[in-house]
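The next block holds one structure in the form of structure tokens; read it before the comments.
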Amino acid sequence: MRRARYSTRVRSFLRRPVHWLLAFVPVSVALGEREDVPAALTFACAALAILPLAALVVRATEQIAERAGSAVGGLLNATFGNAPELIIAFVALRAGEIDLVKGSIVGAILGNLLFVLGLSFLLGGLRQHEQVYNPAGARVQSSIMMLAAISMIVPSIFHNFITPETAHLEQRLNVAVAVVLLGAYALSLVFMLKTHPDYFAVSSEEEHSVTGETWSPALATGVLVGTSVVLAVVSEVLVGSVGETAQALGMSRIFVGVIVLALVGGAAESLAAVAMARKNKIDLTVGIAIGSSIQIALFVAPVLVLSSYLVAPRPLNLVMGNAGAAIMFFPVLIQAMIAGDGHSNWFKGVQLLCVYVLFALFCYYLPDQLATPPVHP
């Protein structure tokens, strides 16, 4: 009986093509130990290995959240939904890749608001003439994202007035901004899960539940912990090969951080958002795309800022420079304009994707020395 149950689980596991990419985990680790292997090959294998690991982290989180009830489950999803991005950024932070971490933060928000939402609107709109979702929740989430965008712009503006003698004031400002963002994140959870959940209500047929086999709490917790550890190991390989890969392929480091790492780390949630749109569950799509951006901006970014004082060679700040501030602000503004009315169609998706491609081209051709603001001693 137990053997039959185990065999069923294995077949169910292998039925998902994304799990086949787990074969790249030992390959990427082995390549990371060798110096005679092209860095681009190591980077590609590590990126492919992260895709199934990220999917397992997201699925394990959903399994735990499903058993914890709606309120606690929402909190767990909000906290661990971006675990892959947080792990990759933390590994890069420990390695001293400060600019790469900043790029991944901006890129995750850019990707969710423009690429994920745009692709979902496009593919969902090809099946449905028009898709309707709750505009109240979308507008609230857009206003939260505007707060996040302003929080990135304020330190960047302040940086222009700093001299080497007043550099300590900039550090204090960034810590204060991080604390404010964490406070806003906590209050946003209270607002969405406790006091005003009706703003984010979806129709009964769209209620989200875990599909496929249900895991036991022990299995879900074990998968979450074990996969997170393996993800951290593979992330070290990925981060370690970024510099040589960018140089070999002629890409700027900002392009790798803003576009490549962001797409790899958020692949699991991106696929989930697109799948929901294809099933005409557009409320869930909007919740995943914009909600994930909120978590990155209000939770992941300030946590990285505060933890950098413990693990990084130098503290991480939220100074993104003129390029980073523009990449943060304009997608938030455009998403609010396009997605705030509660209606979506394929052409709205095309508009969002076009803006994403324009920013990707901007990052690709932007020299690293122009993207990085000067560091005061």
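List of remarks:
- Scanning region 302-346 for residues that are among the aromatic types (Phe, Trp, Tyr) and over 19 Å from the mean Cα position of the chain (by Cα) turns up Tyr309, Trp346.
- Filtered residues of region 155-166 (kept if exposed (fewer than 15 other Cβ atoms within 10 Å of the Cβ) and part of a helix (DSSP H, G or I)): Ile157, Pro164, Glu165, Thr166
- Filter pass, Ala275 being out of contact with any helix residue (DSSP H, G or I) (no Cβ under 7 Å at 6 or more places or on another chain), at pLDDT below 85 and within 21 Å of Gln335 (Cβ to Cβ): yes
- Unique match (being of a type in the set (A, V, I, L, M) and either modelled with pLDDT under 85 or surrounded by 20 or more Cβ atoms within 10 Å (Cβ to Cβ) (or both)) among Val229, Val258, Val223: Val258
- Within the set Ala336, Ala326, Ala289, Ala275, the sole residue that is crowded, with 24+ Cβ neighbours inside 10 Å, assigned to a helix (DSSP H, G or I) and either of a type in the set (Gly, Ala, Ser) or touching a residue at least 40 places away in the same chain (Cβ under 8 Å) (or both) turns out to be Ala289.
- Set Leu193, Leu169, Leu173, Leu187: member being in contact with a Phe, Trp or Tyr (Cβ under 7 Å, 6 or more places away or on another chain), surrounded by fewer than 19 Cβ atoms within 10 Å (Cβ to Cβ) and assigned to a helix (DSSP H, G or I): Leu173
- Answer from Gly240, Gly266 - the residue that is surrounded by fewer than 21 Cβ atoms within 10 Å (Cβ to Cβ) and in contact (Cβ under 8 Å) with a residue 40 or more places away in the chain: Gly240
- For first residues located in region 22-37 and free of Cβ contacts under 8 Å to residues at least 12 places away in the same chain, partners that are of a type in the set (S, T, N, Q) and surrounded by 21 or more Cβ atoms within 10 Å (Cβ to Cβ) and lie 6+ apart or on another chain with Cβ distances below 9 Å form the pairs Arg34/Thr42.
- Subset of region 252-269 [assigned to a helix (DSSP H, G or I) and within 18 Å of Thr227 (Cβ to Cβ)]: Val264, Gly265, Ala267, Ala268, Glu269
- Among residues of region 75-93 that are surrounded by 21 or more Cβ atoms within 10 Å (Cβ to Cβ), those with a beta-carbon under 9 Å from a residue that is among the aromatic types (Phe, Trp, Tyr) and at pLDDT below 85 at least six positions away or on a different chain give the pairs Leu86/Phe80.
- Hits in region 215-251 - residues which are within 20 Å of the chain's Cα centre (by Cα) and not in a helix (DSSP H, G or I): none
- Only residues that are within 16 Å of Ile282 (Cβ to Cβ) and touching a helix residue (DSSP H, G or I) at 6+ places or on another chain (Cβ under 7 Å) were counted in region 325-349, giving 11.
Here's the yes/no breakdown for (1) free of Cβ contacts under 8 Å to residues at least 40 places away in the same chain; (2) of a type in the set (Gly, Ala, Ser); (3) surrounded by fewer than 20 Cβ atoms within 10 Å (Cβ to Cβ):
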residue	(1), (2), (3)
Ser270	no, yes, no
Lys279	yes, no, yes
Phe299	no, no, no
Pro302	no, no, no
Ala312	no, yes, no
Leu316	no, no, no
Trp346	no, no, yes
Gly349	no, yes, no
Pro367	no, no, yes
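The values are calculated or read from the model by the stated rules, or taken from the named source; none is laboratory data. These numbers were taken from a predicted model, which means no experiment stands behind them. We place every Cβ from the backbone using ideal geometry, glycine too, and count neighbours over all the protein chains shown.
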